[in-house]
Amino acid sequence: HYVDLDKIELKDIPKISDPDGRGNLSVVERDFLPFTIKRVYYLYDVPSSSTRGGHAHKELQQFLIALSGSFDVVLDNGKSRRTITLNKPDKGLLIPNGVWRELEDFSSGAVCLSLVSEEYNEDDYIREYEEFMLFKSS
Ligand code: TYD
């Protein structure tokens, strides 16, 4: 039950470029994600020295988009780590449940949009890395 980090890829979000140069529009519709979106939240005004995340979820799945600016997502499946940079509003990162994540190196003005499969529930969080390792090996 260790999630294969190589299978976690940036997904292209459909983009509609305006033929008259009025800019781009990207859209995430119901069938684009493998889950139904129950909640949307976003991180902003994150100091470049801050780390967000630092937890795993038992059930929650999540799709992250750098709406503006850039940041790094460090993924950890309990055996190995992988860092993915998000810096385009038309690419998103699908994070399955059971993956430890840390978000860091936020650029100035970065906005991280999260589309998630569950309502907020603190019981779904694993906030201690030790507990995550026990959870993965159980
Ligand atoms: P947390 O998920 O720990 O943030 P991050 O992983 O980005 O560092 O949430 C930070 C705080 O906000 C924590 O006290 C829980 C609260 N919170 C809510 O009340 N509702 C929500 O939907 C979210 C995502 C967080």
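Coordinate-derived values only; no laboratory data. Here the structure is a predicted model, which means the values were calculated and not measured. Virtual Cβ from ideal backbone geometry, glycine too; neighbours counted across all protein chains shown.
What the table shows:
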item	result
Residue within segment 107-114 that is away from the ligand (no atom under 16 Å from the Cβ), hydrophobic (A, V, I, L, M, F, W, C) and either surrounded by 15 or more Cβ atoms within 10 Å (Cβ to Cβ) or outside any strand (DSSP E or B) (or both) present	no
Selection within segment 115-136 - of a type in the set (K, R) and within 10 Å of the ligand (Cβ to nearest atom)	R127
All positions within segment 23-63 that are within 19 Å of E118 (Cβ to Cβ), part of a strand (DSSP E or B) and touching a Ser or Thr at 6+ places or on another chain (Cβ under 6 Å)	Y41, Q62
Residue within segment 24-39 that is aromatic (F, W, Y), over 19 Å from K11 (Cβ atoms) and within 16 Å of the ligand (Cβ to nearest atom) present	no
Qualifying residues in segment 1-15 (those that are touching a residue at least 60 places away in the same chain (Cβ under 8 Å) and of a type in the set (K, R)) - the one farthest from S117 (Cα to Cα)	K15
The lone exception for G78 - which of (1) within 14 Å of the ligand (Cβ to nearest atom); (2) over 14 Å from the mean Cα position of the chain (by Cα); (3) over 16 Å from C112 (Cβ atoms) it fails	(1)
Residue satisfying condition, being touching a residue at least 40 places away in the same chain (Cβ under 8 Å) and touching a Phe, Trp or Tyr at 6+ places or on another chain (Cβ under 9 Å), within set V111, V74	V111
Segment 15-49, subset loosely packed, with under 10 Cβ neighbours inside 10 Å and small (G, A, S), residue nearest to S70 (Cα to Cα)	S49
Qualifying residue in segment 62-70 (condition: buried (at least 18 other Cβ atoms within 10 Å of the Cβ) and within 19 Å of S137 (Cα to Cα))	no
Test: D18 is among the charged types (D, E, K, R), without any contact (Cβ under 8 Å) to a residue 12 or more places away in the chain and away from the ligand (no atom under 14 Å from the Cβ)	yes
Single residue of segment 84-106 satisfying the filter (away from the ligand (no atom under 12 Å from the Cβ) and in a strand (DSSP E or B)) that is surrounded by the fewest Cβ atoms within 10 Å (Cβ to Cβ)	T85
